[in-house]
């Protein structure tokens, strides 16, 4: 109860008195149970690592970061209630969630309160709704899927493909973008298979997939479901290349899928295997601290906190509205803020731009095979 009391008292102070306090409140509302627990735990631990580093060096503008990690249970309704609770405590910035369906319903609350929200969600529509307070930590589907589509057309020379996707906001957004991008490139989608969030048995879906003649299969599901699908696809001896986005090639999918993950290819927005020294250093620190290898969500949580630090120090005060205004159109380089890891730009809608990668899983490890430049270069 102590953090709640502290936050409540902070909210009752005048602005001048609040600025004189020794902490700044940045709550983290994220998936710590339910289907999104793998993603949320990585994100949370990235946030913890960054906050501990920053606080050890004196905090932001002399104020230590005070946070609390609040579970959405991977449920949009719960996430909305949790966001409302943290807004009652007058936070400076809100971190999370990751699930697109949750962000869609709770970002309206942070927008109404004028509080910036830095999220891990990828559904394209999140930054297409005119909300000036929402910012991504990873590519939206409208950026990542076209990069992947080019690889399928040009790298694989595919003419006919299948898509298997999870029936939630994340999956539907990716599926819709994929169909659109394939159509514009003259590639025919001959199998369109929907699966459920938290699904355990993929035997029927893989059997349906095998009935189609395809040059590649695009897999767009969450981490645990992706691993289960890969295991079943290997069991039924699916021959077509299995192609995905960052999630399919993530560390957790590789761990859960084992040998079934070998050969998976795709576009990766973030990876601890990236040939970037700062990212490798982060990965080593993360593993030493938490005793497991971070996935892309760990990087997202870590860099989100350092973005807050940089922008706040740039504007020289804790002003939520000015923070949001400043982050739009801003580029942060590792020279300016080492914790950002890679040069990163946010556009006027809150979408992110930075280098990304084509990768393949070999011998249980993600291997980067090509670096793709920022779209703005």
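Estimated from helical segments only, the mean residue ellipticity of the chain at 222 nm is -13000 deg cm²/dmol, where each DSSP H run of four or more residues counts as -39500 (n - 2.57).
In Å, the Kirkwood hydrodynamic radius of the chain over pairs of distinct alpha carbons? Intermediate values should be presented prior to the final figure.
On the way: mean 1/r = 0.0477 Å⁻¹.
20.9 Å is the Kirkwood radius here.
Starting from the alpha-carbon convex hull of region 270-377, give the projected area averaged over all orientations, in nm².
Mean projected area of the Cα convex hull: 7.6 nm².
Size descriptors for region 205-301: radius of gyration and Dmax over Cα atoms are 14.7, 47 Å. To the nearest ten degrees, helix 277-290 and the longest principal axis of the Cα atoms of the chain are 80 degrees apart. Considering only alpha-carbon pairs that sit under 8 angstrom and 6 or more positions apart, the relative contact order computed for the chain is 17 percent. Sorting 186-197, 234-245, 347-358 by average packing, meaning the other beta carbons within 10 Å per residue, from highest down gives 347-358, 234-245, 186-197.
Computed extension gain for residue 64 through residue 159, at 0.36 nm per residue and net of the alpha carbon distance, reaches 28.7 nm.
Which of the three applies to region 26-103, rounded, prolate or oblate, going by the alpha-carbon gyration tensor with a ≥ b ≥ c and a/c under 1.5 meaning rounded? Write out the running numbers ahead of the final one.
Numbers: a/c = 3.14, a/b = 1.56, b/c = 2.02.
It comes out oblate by the Cα gyration axes.
Inter-label distance, residue 128 to residue 236: 3.1 nm, where each label sits 7 Å from its Cα along the C-beta direction.
For the peptides 124-133, 306-315, 168-177, 57-66, residues were scored by their other Cβ atoms within 10 Å and the scores averaged per peptide; the highest-first order is 168-177, 306-315, 124-133, 57-66. Calculate how steeply helix 296-315 sits against the longest principal axis of the alpha-carbon atoms of the chain, using the helix alpha-carbon long axis, and give the answer as 0 to 90 degrees to the nearest 10. Value to nearest ten degrees: 30.
Between residue 188 and residue 368, the modelled labels are 3.8 nm apart [label points 7 Å from Cα along Cα→Cβ]. With respect to the chain, whose longest principal axis is taken over its alpha-carbon atoms, helix 37-56 is tilted by about 40°.
Modelled this way, with points 7 Å down the Cα-to-C-beta line, the labels at residue 328 and residue 343 are 2.4 nm from one another. Give the shape of region 142-268 as rounded, prolate or oblate, defined through the alpha-carbon gyration tensor: a ≥ b ≥ c are the square roots of its eigenvalues, a/c under 1.5 means rounded, and otherwise the shape is prolate if a/b is larger than b/c and oblate if not. Rounded.
Using a 10 angstrom cutoff on alpha carbons, build the Gaussian network for the chain and name the most mobile of 290, 323, 282. Of the options given, 290 has the highest mean-square fluctuation.
Taking a ≥ b ≥ c as the square roots of the eigenvalues of the Cα gyration tensor, region 51-174 is classed as prolate, since a/c reaches at least 1.5 and a/b is larger than b/c. Contact order, relative form, for region 142-268: 26 percent (alpha carbon pairs under 8 Å, 6 or more residues apart, mean separation divided by residue count).
None of the figures in this text is laboratory data; all of them are computed from the coordinates on show. Not measured: the values here are computed from a predicted model. We place every Cβ from the backbone using ideal geometry, glycine too, and count neighbours over all the protein chains shown.
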